[in-house]
1. Are any of the residues in segment 157-178 open to solvent by less than 10 Å² (accessible area, probe 1.4 Å) and part of a loop (DSSP other than H, G, I, E, B)?
2. State yes or no: is Asp122 modelled with pLDDT of 95 or more and in a loop (DSSP other than H, G, I, E, B)?
3. Could you tell me whether Val127 is assigned to a strand (DSSP E or B), open to solvent by less than 40 Å² (accessible area, probe 1.4 Å) and at pLDDT 95 or above?
4. Given (1) β-branched (Val, Ile, Thr); (2) over 23 Å from Glu18 (Cα atoms); (3) without any contact (Cβ under 8 Å) to a residue 40 or more places away in the chain, where does Val215 come up short, assuming only one miss?
5. For a quick check of your reading of the model, give me the residue pairs whose first member lies in segment 100-118 and is over 21 Å from Leu174 (Cα atoms), whose second is open to solvent by less than 20 Å² (accessible area, probe 1.4 Å) and outside any strand (DSSP E or B), with beta-carbon atoms closer than 8 Å and at least 6 apart or on different chains.
6. Take the residues in segment 180-223 that are hydrophobic (A, V, I, L, M, F, W, C) and in contact with a Lys or Arg (Cβ under 9 Å, 6 or more places away or on another chain); name whichever of them is surrounded by the fewest Cβ atoms within 10 Å (Cβ to Cβ).
7. Among the residues of segment 191-212, which ones are in a helix (DSSP H, G or I) and under 16 Å from Tyr158 (Cα atoms)?
Amino acid sequence: MHIPDIIAHRGSSRECLENTLAAFSRALEQQADGIELDVHGSADGHVVVHHDSVLSLERGGNAGGTAAIRDLTLSEIRTARLHGGHPLPLLDDVLALVGTQATVYVEVKAARIEAAVAAVLDRHPTVRTAVHSFDHRIPATVRVTRPTTAIGFLSDSYLIDPVGMLHPTAPDALWQYTHLIDEALVIAAHDRGTKVIAWTENDPVRAHLLAAWGVDGLCTDVPATIRAAFYP
């Protein structure tokens with residue numbers, strides 16, 4: 001039986017606050033094959049792990065207002081606390097945590113931070129990494145800067161012409177919204193040498209259907225649940 005890679009969406013994000021070291025640690029404990037996360041750039045060029053461009057901060061156990069990541073310096077990032085007192089991680093922190101235990105899939109949310117992302121990846125050469133984005137120019141630019149980096153294109157539309165979309169840049173992976181995947185799409189992507197990663201799939205029954213179609217990865221909020229569906 002074909003078993004896709006199980007990729008923890010922002011870590012084990014149903015059990016822990018998403019995109020935190022706690023969520024990533026929990027996903028590793030649950031034997032996720034991959035960790036997916038989101039990044040933005042700070043005011044002084046650091047790559048920060050967070051989904052939104054604006055933080056909701058906590059001070060003294062209470063809500064402490066908001067701050068745009070692009071306006072924060074490293075010292076401010078290091079003192080910031082998210083809900084529950086979680087620190088705000090840098091991409092460097094996550095790569096150091098994961099090491100060789102899993103592949104880290106970096107979704108770049110901000111423009112013009114490709115060089116900074118590539119520099120972080122260079123500092124962690126033993127970590128398996130890949131870069132993807134909805135803005136397909138971003139991973140393509142990372143590949144120019146760092147040719148060894150695997151890249152992916154995110155999509156939440158059904159692709160009428162998947163070959164046409166994938167042909168010019170030949171990404172390593174198509175990250176496709178799970179409910180817009182069918183077997184024909186998987187076959188078309190595979191014919192181009194492109195893997196298909198489904199996001200975000202939390203249903204074990206559909207996970208098996210996607211596996212039967214040959215989907216290569218399942219990005220999920222519940223990595224333990226999806227893993228149990230294939231390794232009972």
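1. yes
2. It is false that Asp122 is modelled with pLDDT of 95 or more and in a loop (DSSP other than H, G, I, E, B).
3. No, not satisfied.
4. Answer for Val215: the failing condition is (3).
5. Close Cβ pairs (under 8 Å, with a partner that is open to solvent by less than 20 Å² (accessible area, probe 1.4 Å) and outside any strand (DSSP E or B)) amount to Thr100/Val127.
6. Val222
7. Leu210
The values are calculated or read from the model by the stated rules, or taken from the named source; none is laboratory data. Remember, predicted model here, so these are calculated numbers, not experimental data. In this analysis, Cβ positions are derived from the backbone assuming ideal geometry, glycine residues included, and neighbour counts consider all displayed protein chains. Heads up: the accessible areas ignore ligands, DNA and RNA and are worked out on the full protein's heavy atoms, side chains in. Shrake-Rupley method; radii C 1.70, N 1.55, O 1.52, S 1.80 Å.
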